[in-house]
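*Asks:* One structure, pasted below without further comment.
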Amino acid sequence: MSEDSITPRDREAARRALEAVGEICERRGIAALRPFLTSCRNFEEEEVLNIAVLGRFKAGKSTFLNCLFGRPLLPVGAVPVTTAVTEIQYGRRKRAEVHFSDGHTEEIPLERIEDFIAERRNPGNFKNVRAVRIELPSLERFRRVRFVDTPGLESVLKHNTEAALDWLPNVGLALVAVGVDPPLSRHDIELIRQLGRYTSDIALILTKVDLLDAGELLHVQDFIRQQLARFWSGAIPVFPYSSKPGFEEIRALLDSNLLSRVSSNVEQHRTDILGHKIASLLSECADYLNLALKSAEIAESQRAALQEKLLGDSRSLEDTRLALRLIARHLTGNARSTFKKVLADDELPLRRRLLDTLDRDFPSWAASLSSATKRFEEWLRSQIGRDMSELSSEHRDEFLEPVREAGRRMSQSLQDFRNRLSERTLETLGVALRTTEMEPAIREPHAPDVRVPYIFDHHWELLSFLLPMSIIGRWVERHFERTVQDVVYMNLSRLTTQWEEIVSAAILSLEREARERLDALVGTVEKLVNSTSDEVPQLREDLRRLHELRAEFSVPEDQHPHR
């Protein structure tokens, strides 16, 4: 975190800057900046400072916060467990509020928060929770601070990634949690770069250091600092951390060197961060206007050629769209065969396990045909439902890999297009557009709906009193055995089909989103390139206004991780 003060001269300067950017974006149709502009306005109006804990799933974010609060407030586990953003702040009494996506709010007992933020109790966030806000009297020393626990990034639960990334513009102080296994990935670097757009206050929390000895810890810290230095000359502090007993000293260092300093001077930090956000916003707005100005200054007869040079001809754009379509078709087309292979090795062990249990339990059911049928149906429904859910959970990574692969490949395809566009605008007009965006987010589906059919097509159990089990018992057991095998095969096939449909829908949705992003970028550039010569005076005036406003926010270039 930089010691340099990054402050506007007063809050009025911030409001003037936001009003200017808002008016220019509205007049010029620069829709891409609207979300960022909204987040700056919201931040300016807030009175508290958000300290957000972000990072990959299993990086130890919730464990870190539980240790800080001194109580097991947030759910933790070996699999992704947090499905919604959770805000924790000081309050006069212990209370929790659930804020839903439709705008309504519900107060709940603190003991029920897992029903809304835990993945296992709110899978896929089907309850449409926007955020859960918790107030605790024990956080009095953090009166003007709000801690934010975000869902893990890069897990197979892509709705979690979406929720965390959507929240990024609201960040104040960003604590990026990075586990020592591995100690910094390209996704962590990308997250820090994205955060640099919204805040100047970024620190890295190196979690799970109890897994390392002293020498290994020094080696890992040196590695992380070297990697960070490759991208930014401005220092990003690294704080080792463990929630285990025996690591009280390093926890105290984090508190004294960061958290206590921030909480004791919230207004200064808020001013610094607001200045950073606005400086970034002004710079990005100026980039767009410079593109429009350069285009407006050339002859009208050359604009069509300029547009083609920047965007490529229609065939080039169609090739990019086709690449997205082919990625989707390839991955959806192979999904079913892939999933069948994934589940093929489970069929025989599952059958054997169920048949062994049937062989053990059947004698206790054999009082009558009616009793045996009822007990068997109840048992099989329960068993197969549990087993299918477990298999679905066990192979979730493999089932969702085609979606993740589609996301990676489509993001790369879009990134390649944006990189080419930036290179062309720099070469042709001397203006470099920002070329990196958040990856398209993928929503993960609900657990599969497992069904077990009726065991008998005819109501033979009504004749139970005429068919003593001493005579038909062996026949009934063999029928049950065949039914077990049929039901296992049917439900494995059904599980395959369900995941195929789910994954195909997710990939096609991802393709639509990627195409929309491509079309929006192309449309924005086309609009700016078509600026006319009579717009030049106004464009220059707008750039002058932005430059004057920018001068009130002194942010060194090397403090911009997003550049």
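*Asks:* Residue check: is residue 325 surrounded by fewer than 19 Cβ atoms within 10 Å (Cβ to Cβ), basic (Lys, Arg) and within 30 Å of residue 400 (Cβ to Cβ)?
*Replies:* yes
*Asks:* Somewhere in segment 342-362, is a residue β-branched (Val, Ile, Thr) and free of Cβ contacts under 8 Å to residues at least 40 places away in the same chain?
*Replies:* Yes, there is a match, as at least one residue in segment 342-362 is β-branched (Val, Ile, Thr) and free of Cβ contacts under 8 Å to residues at least 40 places away in the same chain.
*Asks:* Residue by residue through segment 166-206, note down the ones that are farther than 14 Å from residue 223 by Cα and among the small types (Gly, Ala, Ser).
*Replies:* Scanning segment 166-206 gives 172, 174, 177, 196, 200, 203.
*Asks:* Here's something else I'd like to know. Can you pull out the residues in segment 281-298 that are touching a residue at least 40 places away in the same chain (Cβ under 8 Å), open to solvent by 10 Å² or more (accessible area, probe 1.4 Å) and of a type outside the set (Asp, Glu)?
*Replies:* Selection gives 283, 286, 288, 290, 293, 294.
*Asks:* Select, from 323, 279, 304, 328, the only residue that is touching a His at 6+ places or on another chain (Cβ under 9 Å) and part of a helix (DSSP H, G or I). So that I can check it myself, show each step before the final result.
*Replies:* On the way: 323 fails: touching a His at 6+ places or on another chain (Cβ under 9 Å); 304 fails: touching a His at 6+ places or on another chain (Cβ under 9 Å); 328 fails: touching a His at 6+ places or on another chain (Cβ under 9 Å).
Only one candidate qualifies: 279.
*Asks:* Scanning for something polar (S, T, N, Q), at pLDDT 65 or above and assigned to a helix (DSSP H, G or I), does segment 456-467 turn up at least one residue?
*Replies:* The initial filter retains those residues of segment 456-467 that are polar (S, T, N, Q), namely 464.
Next, only the ones that are at pLDDT 65 or above stay: none.
No, segment 456-467 contains no residue that is polar (S, T, N, Q), at pLDDT 65 or above and assigned to a helix (DSSP H, G or I).
Residues are listed down the side, and each one gets a yes or a no for (1) touching a helix residue (DSSP H, G or I) at 6+ places or on another chain (Cβ under 6 Å); (2) farther than 30 Å from residue 471 by Cβ; (3) open to solvent by 20 Å² or more (accessible area, probe 1.4 Å); (4) assigned to a helix (DSSP H, G or I):
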| site | (1), (2), (3), (4) |
| --- | --- |
| 344 | no, yes, yes, yes |
| 353 | no, no, yes, yes |
| 374 | no, no, yes, yes |
| 384 | yes, no, no, yes |
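*Asks:* Can you run down the residue pairs with Cβ atoms below 7 Å, 6 or more apart or on separate chains, where the first is in segment 100-122 and under 13 Å from residue 132 (Cα atoms) and the partner is open to solvent by less than 70 Å² (accessible area, probe 1.4 Å) and in a helix (DSSP H, G or I)?
*Replies:* Close Cβ pairs satisfying both conditions: 122/115; 122/116.
*Asks:* Name the residue that is modelled with the highest pLDDT, counting only residues in segment 34-73 that are of a type in the set (D, E, K, R), more than 15 Å from residue 195 (Cα to Cα) and not in a loop (DSSP other than H, G, I, E, B).
*Replies:* Of everything passing the filter in segment 34-73, 41 is modelled with the highest pLDDT.
*Asks:* Given (1) closer than 28 Å to residue 145 by Cα; (2) out of contact with any Gly (no Cβ under 8 Å at 6 or more places or on another chain); (3) part of a helix (DSSP H, G or I); (4) of a type in the set (Val, Ile, Thr), identify the lone condition not met by residue 220.
*Replies:* Against the list (1) closer than 28 Å to residue 145 by Cα; (2) out of contact with any Gly (no Cβ under 8 Å at 6 or more places or on another chain); (3) part of a helix (DSSP H, G or I); (4) of a type in the set (Val, Ile, Thr), residue 220 comes up short only on (1).
*Asks:* Something else about it: Could you tell me whether segment 511-518 includes any residue that is in a helix (DSSP H, G or I) and within 24 Å of residue 282 (Cα to Cα)?
*Replies:* Going residue by residue through segment 511-518, those that are in a helix (DSSP H, G or I) are 511-518.
Next, from what is left, pick out any that are within 24 Å of residue 282 (Cα to Cα): 517-518.
Yes, there is a match, as at least one residue in segment 511-518 is in a helix (DSSP H, G or I) and within 24 Å of residue 282 (Cα to Cα).
*Asks:* Here's something else I'd like to know. Just for segment 150-208: of the residues that are in a helix (DSSP H, G or I), of a type outside the set (A, V, I, L, M) and modelled with pLDDT under 75, which one is most open to solvent (accessible area, probe 1.4 Å)?
*Replies:* Ranking the candidates gives 166 first.
*Asks:* For segment 308-357, which positions are at pLDDT below 90 and hydrophobic (A, V, I, L, M, F, W, C)?
*Replies:* Correct list: 310, 311, 317.
*Asks:* To continue, here is another question. If I filter segment 49-68 down to residues being of a type in the set (A, V, I, L, M, F, W, C) and open to solvent by 20 Å² or more (accessible area, probe 1.4 Å), which single residue comes out as nearest to residue 525 (Cα to Cα)?
*Replies:* Pass one, segment 49-68, residues of a type in the set (A, V, I, L, M, F, W, C): 49, 51-54, 57, 59, 64-65, 67-68.
Among the residues that remain, those that are also open to solvent by 20 Å² or more (accessible area, probe 1.4 Å) are: 57, 67-68.
Details: 57: 36, 67: 49, 68: 47 Å.
Looking at residues that are of a type in the set (A, V, I, L, M, F, W, C) and open to solvent by 20 Å² or more (accessible area, probe 1.4 Å), I get 57.
*Asks:* Hey, among the residues in segment 235-250 that are under 16 Å from residue 176 (Cα atoms) and not polar (S, T, N, Q), which one's surrounded by the fewest Cβ atoms within 10 Å (Cβ to Cβ)?
*Replies:* 235
*Asks:* Go through the residues of segment 234-245 one by one and say whether even a single one is of a type in the set (A, V, I, L, M, F, W, C), in contact (Cβ under 8 Å) with a residue 24 or more places away in the chain and part of a loop (DSSP other than H, G, I, E, B).
*Replies:* Yes.
*Asks:* Specify the residue that is surrounded by the most Cβ atoms within 10 Å (Cβ to Cβ); the eligible residues are those in segment 393-435 that are at pLDDT below 85 and not in a helix (DSSP H, G or I).
*Replies:* Result: 433.
*Asks:* I want to confirm something. Restricting to segment 531-559 and keeping residues that are farther than 22 Å from residue 19 by Cβ and modelled with pLDDT of 85 or more, which single residue is surrounded by the most Cβ atoms within 10 Å (Cβ to Cβ)?
*Replies:* 531
*Asks:* Also, quick follow-up: Based on what the data block shows, is residue 278 in contact with an Asp or Glu (Cβ under 9 Å, 6 or more places away or on another chain), of a type in the set (A, V, I, L, M), crowded, with 21+ Cβ neighbours inside 10 Å and in contact (Cβ under 8 Å) with a residue 60 or more places away in the chain?
*Replies:* yes
*Asks:* Where residues in segment 13-48 are among the acidic types (Asp, Glu) and under 28 Å from the mean Cα position of the chain (by Cα), which of them is surrounded by the fewest Cβ atoms within 10 Å (Cβ to Cβ)?
*Replies:* 45
The values are calculated or read from the model by the stated rules, or taken from the named source; none is laboratory data. These numbers were taken from a predicted model, which means no experiment stands behind them. Don't worry about glycine lacking a Cβ; one is built from the backbone with ideal geometry, like all the others, and counts go over all protein chains shown. Protein only, heavy atoms only, side chains kept; ligands, DNA and RNA dropped before computing areas. Shrake-Rupley method; radii C 1.70, N 1.55, O 1.52, S 1.80 Å.
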